[in-house]
Every structure is written in C-alpha cells, then in structure tokens.
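For reference, the structure discussed in these notes is given below.
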Amino acid sequence: MKRIGLLGCGAIGTQIALAIDTGKIPGVLTHIYDNSKYAATELASKLNNKPLIVENSHLLSSNPIDIIVEAASQDAVKDVALSVLQNKRDLMIMSVGALLDESIYDVLSDACNHFKKTIYLPSGAIAGLDGLKSVKDELESVSITTTKHPRSLKGAKFFETSDINLDAIDSSTIIFEGTAKEAVSMFPANINVAALLSLCGIGSEKTIVKIIADPNTDKNTHHIEAKGKFGKMTFTIENFPDPNNPKTSRLAILSAIETLRKYCSDDIQIGT
Ligand SMILES: NC(=O)c1ccc[n+]([C@@H]2O[C@H](COP(=O)([O-])OP(=O)(O)OC[C@H]3O[C@@H](n4cnc5c(N)ncnc54)[C@H](O)[C@@H]3O)[C@@H](O)[C@H]2O)c1
C-alpha cells in the first residue's frame, strides 16, 4: 500500500482524505499538515484511520512516505516542493499556478530528473489535457474562455486598476482578454486551469484567456479551443462549485482523487 502525506486540509484535502479512508483510493494516509491546526484536527476527527498531525510542512516528507499531496496554496508549493523531491518522495500539486514562474518550474523539473521522482498535476477543473498533450508539437493556437458569476471574481488584483464595478454588471460581460501570463498576475485565484493549459500546450505567453462575468450563471464554465496541423479541438466544461469552497469546482476534487487512485493502483491504465 502506498503511504500518503497530505499538505492542506481544506475543501480538496478533506475529500481526498475521505476517499483514502473509505478505500476508494487504495493507500494509507499516514501524516497530515495544515497551517490551521483547527483544519488538521477537524479533518483527523472525520477519519476512521487517524493520521499523525505533524508540526510543520517539511516534516511530512521527512517521514517514510511515498507521495505528498499538496492541496494548500501556491506559497506552500514554493516552500516545500523542492525538499519533497530532495527527500525522494513523489509530489502531487493542486496549486498549479505556482509553476508558471519559470524559475520554479525549471528547478522542480531538474529535481525530478535528478532524484528520479515524479510531480503529478491532475487535470483539475478542465478536461481535454490528454488530447492536448498528444498534439503538443502541432499546436498553433490555444484559448480558454472562463465564465463565472461576478462574486467568484471579487478580490482579484485586476480590479485595483480597472474601472469595472462587478456589482453593477447585470448581463454577461467580458472583463478581461489577454495572455495566460497576464491572467496569472491579474487573477491569481482563478488561474489554475489557464496554468495547466499553458504547461500542457504552447506556453503562457501564447495561450489566450478571456474572462466573462455573468450574473445569471451558477456554474464555473470553461470553453477551450485548440487548433493546429492536427485539426481542431473544443471542450466545454460546466462545473458545479464545491459546497464547502465555491471557488473550487467539484471536478477539480474528483480529478485529484482519480489521479491519486491511479498512482496507488496496479491496474490497466486507460487514457493518454
Ligand atoms: N488544479 C486545479 O484545477 C484547482 C482547482 C481548485 C483549487 N485549486 C487550488 O488547490 C488549492 C487548495 O484548494 P481548496 O479548495 O482545498 O482550498 P481551501 O481554502 O478550502 O483549503 C486550503 C487549506 O490549505 C491551508 N493552507 C494554505 N496555505 C498553506 C500553507 N502554506 N501551508 C499549510 N497549509 C496551508 C489552509 O489553511 C486551508 O485549510 C488552492 O491553492 C487552490 O487554488 C486547484
């Protein structure tokens, strides 16, 4: 059985831990950590097989563990990712936006090579990355249009310098159009899917992002278009938000669970 350490006990971390505890993921959750002691204790109290709560995030990978699952924040990735690999553990990252910083990406990629360990990035709240990976060398353009309720966009850095008043939007309105790289700095909390697309396809300076605020939607919708010598792909994903954290889509949680289940299973692997 694979031994799993969990960094981050919020919406995603809790569902992953429950999936391990109920046997859906055939592994053992041995150690957990969260900046909030309350979140870690709360999570442990819901589990039949109690993991050890460690005192800091670096103690997760110094224990005999196969994989650390990060479901915390970009800062957590920047803080621990390298030491996890140096301790010869695999790593699954949910806060993918952290990897759009090229220096971080390169350091972690070199470390994977050097320590013979793997970083897993689940497809998160989108679909189609399998196809995109296959046609990577033939891609000419990739774009993503994300439509959300205005309240899901509140607090983004973009609004510090924009005249747009989210409260005054009464119909579907384009509020941002630019590269994934620009979107990363303007909408840091909404960029995980654009980051994944960039890393999988033609990079963050060529991936085009459009963000639409729609007061009449209750879903997080992503429409992806990719074109090239191979032909054209389009994907539309209409996500329901997770009830415990409306910023996180249910699909993001399910894709994390599936990635970890695959990691822990000796089985026929379906899909690219
Ligand atoms: N890849 C994707 O498609 C995708 C989708 C949704 C969310 N995410 C990302 O996954 C991460 C977790 O999402 P969530 O919905 O579970 O969030 P959440 O806010 O519900 O939970 C995050 C937990 O991590 C803890 N935490 C934050 N920073 C920490 C740190 N440096 N060290 C230790 N603990 C820390 C918080 O206290 C909290 O309990 C976020 O970064 C989010 O942006 C990725």
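The values are calculated or read from the model by the stated rules, or taken from the named source; none is laboratory data. None of the values given here were measured: they were computed from a predicted structure. So basically every Cβ, Gly included, is an ideal-geometry build from the backbone, and we count neighbours across all protein chains shown.
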query: residue 48 is checked against (1) in contact with a His (Cβ under 9 Å, 6 or more places away or on another chain); (2) away from the ligand (no atom under 16 Å from the Cβ) and fails just one. What number does that condition carry?
result: (1)
- request: Being closer than 19 Å to residue 28 by Cα and crowded, with 24+ Cβ neighbours inside 10 Å is the filter here, so list the residues in the stretch 62-101 that pass it.
  value: 68, 69, 70, 71, 84, 91, 93
message: Considering only residues that are more than 21 Å from residue 265 (Cβ to Cβ) and within 6 Å of the ligand (Cβ to nearest atom), which ones fall in the stretch 80-97?
response: 95, 96
- prompt: Does the stretch 192-209 contain any residue that is more than 16 Å from the ligand (Cβ to nearest atom), among the hydrophobic types (A, V, I, L, M, F, W, C) and more than 25 Å from residue 17 (Cβ to Cβ)?
  reply: yes
- prompt: So which of 38, 33 is surrounded by fewer than 17 Cβ atoms within 10 Å (Cβ to Cβ) and either modelled with pLDDT of 95 or more or near the ligand (Cβ under 8 Å from one of its atoms) (or both)?
  reply: 38
task: Sort out which residues of the stretch 17-43 are closer than 19 Å to residue 253 by Cα and either in contact with a strand residue (DSSP E or B) (Cβ under 6 Å, 6 or more places away or on another chain) or among the basic types (Lys, Arg) (or both), and write them in order of number.
output: 17, 20, 24, 27, 28, 29, 32, 33, 40
query: Somewhere in the stretch 137-150, is a residue more than 16 Å from the ligand (Cβ to nearest atom), part of a helix (DSSP H, G or I), touching a residue at least 24 places away in the same chain (Cβ under 8 Å) and surrounded by fewer than 19 Cβ atoms within 10 Å (Cβ to Cβ)?
result: yes
- prompt: Out of curiosity, is residue 131 within 16 Å of the ligand (Cβ to nearest atom) and either surrounded by 14 or more Cβ atoms within 10 Å (Cβ to Cβ) or not in a helix (DSSP H, G or I) (or both)?
  reply: no
field: Pick from the stretch 126-168, criterion touching a strand residue (DSSP E or B) at 6+ places or on another chain (Cβ under 9 Å) and among the β-branched types (Val, Ile, Thr), ranking: nearest to residue 254 (Cα to Cα)
entry: 126
- prompt: Are any residues in the stretch 69-103 in contact (Cβ under 8 Å) with a residue 40 or more places away in the chain and either hydrophobic (A, V, I, L, M, F, W, C) or within 19 Å of residue 113 (Cβ to Cβ) (or both), and if so, which ones?
  reply: 69, 71, 72, 76, 80, 89, 90, 92, 94, 96, 99, 100
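Residue by residue, here is whether (1) over 23 Å from residue 217 (Cα atoms); (2) touching a Cys at 6+ places or on another chain (Cβ under 7 Å); (3) among the aromatic types (Phe, Trp, Tyr) holds:
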{"site": "159", "(1), (2), (3)": "no, no, yes"}
{"site": "163", "(1), (2), (3)": "no, no, no"}
{"site": "168", "(1), (2), (3)": "no, no, no"}
{"site": "172", "(1), (2), (3)": "no, no, no"}
{"site": "182", "(1), (2), (3)": "yes, no, no"}
{"site": "204", "(1), (2), (3)": "yes, no, no"}
field: Boolean, residue 73 is at pLDDT below 95, closer than 18 Å to residue 40 by Cα and within 20 Å of the chain's Cα centre (by Cα)
entry: yes
